[in-house]
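What follows is a single structure, written as structure tokens, with notes after it.
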Amino acid sequence: MSHTHDAIVVGGGLVGTAIAYGLQKRGLSTVLLDEGDVAHRASRGNFGLVWVQSKGLGAPHYQRWTRGSADAWPALARELGERTGLDLGLHQPGGLHVCLSGEEFEARGAYMARLRREAGNLGLEYRMLDHDETAEMLPGIGRAVVGASWTPYDGHASPLYLLRSLHAAFAGAGGTYRPNAGVSEGTAAPRDFRVEAGGEAHRAPRVVLAAGLGNAALAPRFGLEAPVRPQRGQILVTERARQLLPMPTTTIRQTDEGSVMIGDSKEEAGYDSATQTPEIMRTMARRAVLTFPWIAELNIVRAWSALRVMAPDGLPIYDESDRFPGAFTANCHSGVTLAGAHADIFAPMVAAGGLPPEMAPFSARRFHDVRPPVHSAA
Amino acid sequence: MSAPLFTARPEARPAAVEVLVEGRPVAVPEGASAAAAVLLAGTPAIRETPVTGSPRLPYCMMGICFDCLARIDGVANRQACMVTVAPGMRIEPQRGARAARPGDRPGAAA
């Protein structure tokens, strides 16, 4: 015997829970299957930026998606606050990408100019600030800061309160949460899916795979593919200090409680999320102190690493199966930034039964379109 | 004022080191922690938490709980249970989050 629902969501992290909440609050009875603490739990290592200005170069659809999510965030935070009483610590005062050399500054200027060209009619408001202009926005910067790019769209929030409030709001709306429910079997037919997990069977006309790195193995069972790999990121956290940062940068933010978080690394390290490497921690700390010399006074009280969920081109994957309509994937490395889009843009698409044409560029089919290298005649 | 919650065992080790807890002298044995001095001083709280301002005293005495954070000899946010007393040590309450000082360090913007 199986439990019947309107939708099955696989993955209890930020992505799966935001989608499950978005479905449940729209009246679809949804079961959320969460594997357990054997999963890699990218959501629990998240840095907490709601970030726009470094997303989507060469991929205007992703730039648009990210902006849409940042725009959807205030309403989501308000709604989750009302439903759960939790303050997500959302602030969207704009943000800075700090440059520590002339080359970095020049490259950043070219990057932002190209991002604006690609934004088309959406537009992109930004400014390149010199040292003095940066110091006006962020008091206490070091002499090493050459300048920064600024946009008004950026911000940050508490990833842990977001995850907790999404779970609480999902349960409060009547959703069914199953912990310790790794998927053991899955069978697919068009708009008829059966998933066995945690000793139970669930059946629904829709299934959404949002299991992060777990999607790579799960997707083929449902006529989909998710070629994602882990990319390790490390984070340093200082003791709590009085508020000194009026806005976040790409790599440094101060939480509502006062901790300064430093996250400035990307490593290919397989599935190892139990290691922090001294060289990388040293480089992160050095760049943070060059940016804000006062950070050197603070003690580091925690450090961890976690695994980003990366597609080969670094962009999210959203897909619907051709063979089995009703089966979807959602993979990204920005579970906080994109929470607004997942709950209030993607979930309605799933509820309506299919992804509209503007989502086509996010399909994993893009990885099929690999042309052989062109050899010049000369 | 009620009797202090904690007293030293004079037969174990003599209270040979004098430190200042919130400016008041307290005698503690050599090798004791600053947190022990705080408890012997009978002060009602050695820190107020940064988020809610809730008062705290040393608790775990082994470096885990961070409830004994104090300003010791002018350095903010030290774990008093992990610091050994020295004659004349000044142990002050840590009220809320510590300050860090923009512009105070070499290399900072003018």
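Values computed for the structure shown
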read-out: Checking B:D67 against (1) of a type in the set (D, E); (2) within 14 Å of another protein chain (Cβ to nearest Cβ); (3) in contact (Cβ under 8 Å) with a residue 40 or more places away in the chain, the condition it does not meet; value: (3)
read-out: Residue check, A:F105 of a type in the set (F, W, Y) and free of Cβ contacts under 8 Å to residues at least 60 places away in the same chain; value: yes
read-out: Matching residues in segment A:209-261 - criterion: being among the acidic types (D, E) and either assigned by TED's automatic domain parsing to the domain that holds A:V31 or farther than 30 Å from A:W150 by Cα (or both); value: A:E225
read-out: Count of residues meeting criterion [part of a helix (DSSP H, G or I) and farther than 12 Å from A:Q63 by Cα] in segment A:122-138; value: 7
read-out: Strands (runs of 3 or more DSSP E) within segment A:140-245 that include 2 or more residues away from chain B (no Cβ under 14 Å) and either within 29 Å of A:P278 (Cα to Cα) or under 25 Å from the mean Cα position of the chain (by Cα) (or both); value: A:147-151, A:176-178, A:207-209, A:229-240
read-out: Residues within segment A:5-30 that are assigned to a loop (DSSP other than H, G, I, E, B) and hydrophobic (A, V, I, L, M, F, W, C), tallied; value: 1
read-out: Meets criteria (under 30 Å from A:A144 (Cα atoms), part of a helix (DSSP H, G or I) and in contact (Cβ under 8 Å) with a residue 60 or more places away in the chain) for A:R282; value: no
read-out: Residue ID - surrounded by the most Cβ atoms within 10 Å (Cβ to Cβ), chosen from residues in segment A:79-98 that are in a helix (DSSP H, G or I) and not charged (D, E, K, R); value: A:L80
read-out: Criterion: crowded, with 20+ Cβ neighbours inside 10 Å, at negative phi and either at pLDDT 95 or above or in contact with a strand residue (DSSP E or B) (Cβ under 7 Å, 6 or more places away or on another chain) (or both) - qualifying residue of A:P325, A:P293; value: A:P293
read-out: Residues that are in contact with a strand residue (DSSP E or B) (Cβ under 6 Å, 6 or more places away or on another chain) and within 14 Å of chain A (Cβ to nearest Cβ), drawn from segment B:20-52; value: B:R47, B:E48, B:P50
read-out: Check on B:A35, surrounded by 14 or more Cβ atoms within 10 Å (Cβ to Cβ), in contact (Cβ under 8 Å) with a residue 40 or more places away in the chain and not in a strand (DSSP E or B); value: yes
read-out: Residue in segment A:261-271 that is surrounded by fewer than 18 Cβ atoms within 10 Å (Cβ to Cβ), at pLDDT 90 or above and assigned to a strand (DSSP E or B) present; value: yes
read-out: Identity of the residue in segment A:290-346, under 21 Å from A:G270 (Cα atoms), assigned to a strand (DSSP E or B) and polar (S, T, N, Q), that ends up farthest from the other protein chains (Cβ to nearest Cβ); value: A:N331
read-out: Cβ-Cβ under 8 Å pairs, at least 6 apart or on other chains, segment A:31-47 side more than 24 Å from A:V237 (Cα to Cα), far side of a type outside the set (A, V, I, L, M) and assigned to a helix (DSSP H, G or I); value: A:L32/A:G16; A:L32/A:T17; A:L32/A:F170; A:D34/A:G16; A:E35/A:G214
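The values are calculated or read from the model by the stated rules, or taken from the named source; none is laboratory data. None of the values given here were measured: they were computed from a predicted structure. FYI the Cβ positions are ideal-geometry reconstructions off the backbone, even for glycines, and counts take in every protein chain you see.
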